[in-house]
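Novice: Pasting a structure here, questions to come.
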Amino acid sequence: MKINMLICKEIDMKVYTSIAVVVAIAISGHAAANTTIVIQNGNENTTTSNQNDPSTSGNFVIFTQTGDNNSSTTAQTVNSINSVINSTQIGENNTVSSISQFDTTTSAINVLQNGQTNLFFAMQSNTMTSTSISTQNGTSNEMVITQFESNLDNMVVTQTGDSNIGVLGQDQTSNTSQILNQQGISNVVGGILANETSSIGIIFQDGTSNIADSIFENGSGNYQSTIQLGLSNTSFTKQSSAFNNTFNLLQDGDSNDAHVVQEYGSDTSIEVIQLGTTNMVMTDQTGSTNEAGLEQDGLSNTADLSQDGDLLVAFMEQVGDSNGATITQTSTMNTASTMQMGTTNTHDTTQVTSGNSATAIQVGTSNVGTILQ
């Protein structure tokens with residue numbers, strides 16, 4: 001038995017030594033040549049690499065698969081120069097499906113999947129120094145990443161847990177960054193950045209069955225941050241055709257819902273904080289240089305805020321249970337503030353002319369207020 005163990009160890013050492021020698025030889029090859037390294041340890045693993053276009057040079061692909069029934073497919077073609085794909089899969093039934101880099105220079109994709117039945121798809125096209133770093137640890141994770149006609153883009157994705165799904169997209173953007181981190185079970189996130197410059201999107205979810213969806217389109221200098229802690233929280237954000245928009249959401253609790261839309265505006269900003277259970281926020285800003293803030297702490301509170309105009313400012317704060325507040329502002333240079341503390345209070349503020357200011361404070365139970373200007 002000891003002799004067999006020593007023989008096995010000696011064979012393993014020889015195998016690893018041979019692998020190290022092969023890698024060293026490949027790396028030390030001619031600088032203008034493309035390089036592909038495949039290391040597979042297990043059963044029924046498959047890899048496919050395509051770097052045969054005459055316009056490519058200096059590209060590097062390395063596969064490392066340990067386990068059974070893993071699959072990887074990569075392609076670096078059409079003017080790809082000095083780009084890198086590094087794929088590592090440990091476990092069973094993992095799939096890296098079609099990692100592609102087209103017309104890229106010094107772009108890099110790094111993938112690590114550790115678990116079972118993970119799926120990863122990535123594409124970088126017409127990009128320079130773009131980077132995609134992805135890590136999936138767990139079971140049944142799924143990820144789709146796209147970077148198209150962009151420069152200095154960066155994506156960092158980490159999913160740890162079971163049944164997580166992450167979808168990220170960047171289209172014709174420059175200096176754009178998306179960071180996604182999901183920890184838990186059955187979390188879902190989707191993010192799209194299109195025609196953007198210097199935009200940043202950060203989503204962090206720690207819990208179970210949280211859903212976050214974010215879309216940026218046709219803008220510049222946008223910033224979005226979504227953090228959801230707890231169980232079954234949902235968040236939807238849309239910023240479209242706008243300049244220097246800012247969105248910041250924090251939901252800590254269970255079954256909270258936030259719906260935010262900023263569209264056709266400039267320099268708009270929204271911040272939402274919800275702590276508790278089954279709270280709901282609805283916001284909509286269309287215009288220019290508008291600002292909104294909402295805070296809710298308690299159970300089953302609802303807030304609805306709508307602004308369409310210029311130089312509009314609105315703030316809501318509700319602490320307690322089953323409170324409801326609505327602010328609607330149009331025209332220009334209006335400010336509105338609503339604060340409610342207690343239970344089952346309701347207030348409605350509507351401002352349709354210019355230069356108005358409205359402040360509402362309700363403390364107690366079942367108070368009702370209305371402001372119309």
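Novice: Work out how much length TYR264 to ASP68 would gain on full extension: take 0.36 nm times their residue separation and subtract the Cα-Cα distance, in nm to one decimal.
Specialist: 65.5 nm
Novice: Take SER354 and MET282, extend 7 Å from each Cα along the Cα→Cβ direction, and tell me the distance between the two endpoints in nm.
Specialist: Between SER354 and MET282, the label points sit 3.0 nm apart.
Novice: Another one. How do GLU44, GLU317 rank when sorted from fewest to most other Cβ atoms within 10 Å of their own Cβ?
Specialist: GLU44, GLU317
Novice: Using the Karplus curve 6.51 cos²θ - 1.76 cosθ + 1.60 with θ = phi - 60°, work out ³J(HN,Hα) for each residue of the range 283-297 in order, rounded to whole Hz, and write x for Gly and Pro.
Specialist: 10, 8, 10, 9, x, 9, 6, 9, 9, 9, x, 9, 9, 9, 9
Novice: Based on the Cβ-Cβ distance of THR344 and SER241, what FRET efficiency does E = 1/(1 + (r/R0)^6) give at R0 = 30 Å, to the nearest 0.05?
Specialist: According to the calculation, E is roughly 0.15.
Novice: Taking the number of other C-beta atoms within 10 Å as the exposure measure, put LEU299, LEU372 in order starting with the fewest.
Specialist: LEU372, LEU299
Novice: Shifting gears a bit: Can you figure out the FRET efficiency of THR332 with ILE185, using R₀ = 45 Å and their beta-carbon distance, to the nearest 0.05?
Specialist: 0.45
Novice: OK, next. Please find the FRET efficiency linking VAL368 to VAL144, where r is the Cβ-Cβ separation and R0 is fixed at 30 Å, and quote it to the nearest 0.05.
Specialist: So, using R0 = 30 Å, E works out to roughly 0.05.
Novice: Taking amide H positions as placed 1.01 Å from N in the peptide plane, with prolines and chain starts having none, which residues 5 or more places from GLU295, or on another chain, fall under 5 Å of its amide H?
Specialist: ILE273, MET316, GLU317, GLN318
Each value in this text was obtained by applying a stated rule to the coordinates, not by laboratory testing. Please read all numbers here as calculations on a predicted model, not as lab measurements. Cβ coordinates were reconstructed from backbone atoms using ideal geometry, including for glycine residues, and neighbour counts include every protein chain displayed.
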